[in-house]
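Participant: This is the structure, below, for whatever I ask next.
The values are calculated or read from the model by the stated rules, or taken from the named source; none is laboratory data. The model shown is predicted, which means the values in this text are computed figures rather than measured ones. For neighbour counting, all protein chains shown are included, and Cβ atoms are generated from backbone atoms with ideal geometry for every residue, glycine included. Side chains included, ligands, DNA and RNA excluded: accessible areas come from the protein's heavy atoms. Shrake-Rupley method; radii C 1.70, N 1.55, O 1.52, S 1.80 Å.
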Amino acid sequence: MNNDTRIKDVMDKAIAEAKKTMNADVGGPFGAAIIDSNGKIISVASNSVLKDHDPTAHAEMNAIRMAGEKLGTHDLTGCTLVTTAYPCPMCLGATIWANIKHVIYGCRPKDAEAIGFRDDFIYRFIRDDYPDKKVLVLTEKLREQCLDLFQEYKNKEKTIY
C-alpha cells in the first residue's frame with residue numbers, strides 16, 4: 001500500500017468516526033487520527049464537546065490524549081496527525097506541545113467558519129495582537145506570585161516539556 005493510499009485510509013477512518021459521533025449529537029464534524037512513522041494507527045478520535053460538556057474535547061485533542069495514553073508518553077515525536085480540518089489554535093498548540101511535526105488536514109479554517117465555527121476568528125484575534133484587551137489582562141501584583149511558582153519549579157529541576 002503506497003503512502004497516499006495509507007493516508008486516505010487513515011482519513012477515511014477519521015471521517016467515519018466524525019460522522020458516527022456527529023450524527024449521535026456528540027460533537028461537530030471533526031475527526032482525527034495519530035499515526036506512527038510507519039503509518040500504523042495509534043489513535044482515532046472525534047469531537048466530543050457536546051457529550052463531554054468540554055470545550056477542549058476537539059478531535060485532535062482527543063486523538064493526542066489517546067495516543068499519549070496508549071504509548072505511555074507526552075512526547076509524540078515521529079507521529080503524524082491526520083485531521084479532517086486545519087487544527088484550531090488550541091489543537092495546533094497541543095500538536096506542537098506533543099512534538100508532532102507533521103499534520104495532514106482536509107478543510108481550511110475558512111471552511112469551518114463557513115458553517116459557523118470560530119477557528120479563523122481566533123487566528124485573527126491572535127494575529128491582531130489581542131484587540132480586545134478585556135480578554136487577557138496582566139496584573140503585576142499577581143505576576144509576582146506566579147513568578148515565585150515558576151522559580152520553585154526551576155529550582156527543583158522539574159521536567160521541561
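Participant: For a quick check of understanding: with a 1.4 angstrom probe and all protein chains in place, what accessible area in square angstrom does Leu149 have, to the nearest ten?
Facilitator: Surface accessible to solvent at Leu149 totals approximately 110 Å².
Participant: Please quote Rg/Rh for region 1-46 to two decimal places, taking the Kirkwood radius as Rh and restricting both calculations to Cα atoms.
Facilitator: My calculation of the ratio gives 1.04.
Participant: Would you mind checking Lys70/Lys110; Lys19/Lys70; Lys51/Lys101; Lys20/Lys40; Lys70/Lys158 for any pair whose Cα atoms are more than 28 angstrom apart?
Facilitator: Violating the 28 Å limit, Cα to Cα: Lys70/Lys110; Lys51/Lys101.
Participant: For the chain, rounded, prolate or oblate, judged on the Cα gyration tensor with a ≥ b ≥ c (square roots of eigenvalues), a/c < 1.5 rounded, else prolate if a/b > b/c?
Facilitator: Judged from the Cα gyration tensor, the chain comes out oblate (a/c at least 1.5, b/c at or above a/b).
Participant: Along the Cα-to-Cβ line of Ile122, 7 Å from the Cα, sits a label point; which residues in region 68-83 have backbone N less than 20 Å from it?
Facilitator: 68, 81-83
Participant: How much accessible area per residue does the chain have, counting only protein heavy atoms and a probe of 1.4 Å, in square angstrom?
Facilitator: I get 67 Å² per residue for the chain.
Participant: Hey, if you drop one equal point scatterer on each alpha-carbon of region 70-161 and run the Debye formula without solvent, what base-10 log of I(q)/I(0) do you get at q = 0.12, 0.15, 0.22 Å⁻¹?
Facilitator: -0.62, -0.87, -1.08
Participant: To continue, here is another question. Please list Met90, Met11, Met66 in order of solvent-accessible area, largest first, computed with a 1.4 Å probe with all protein chains present.
Facilitator: The ranking, largest first, comes out as Met66, Met90, Met11.
Participant: Also: Rounded to the nearest 10 Å², what accessible area does Thr84 have for a 1.4 Å probe in the complete protein model?
Facilitator: Near enough 20 Å² of accessible area.
Participant: Next up: To the nearest 20 Debye, how big is the dipole of the chain about its Cα centre, given +1 on the beta carbon of each Lys and Arg and -1 on that of each Asp and Glu?
Facilitator: 140
Participant: I'd like to know which of Asn3, Thr84, Gly72 lies farthest towards the positive end of the charge dipole of region 1-127, counting +1 on Cβ of Lys and Arg and -1 on Cβ of Asp and Glu.
Facilitator: The residue sitting farthest along the positive end of the dipole is Asn3.
Participant: Another question, if that's okay. For region 40-105, what is the Kirkwood estimate of the hydrodynamic radius, computed as the reciprocal of the mean inverse distance between distinct Cα atoms, to one decimal in Å?
Facilitator: 11.8
Participant: Related question: Rounded to the nearest 500 deg cm²/dmol, what is the calculated helix-only ellipticity per residue at 222 nm for the chain, with -39500 (n - 2.57) per DSSP H run of length n ≥ 4?
Facilitator: Estimated from H runs of four or more residues: -14500 deg cm²/dmol.
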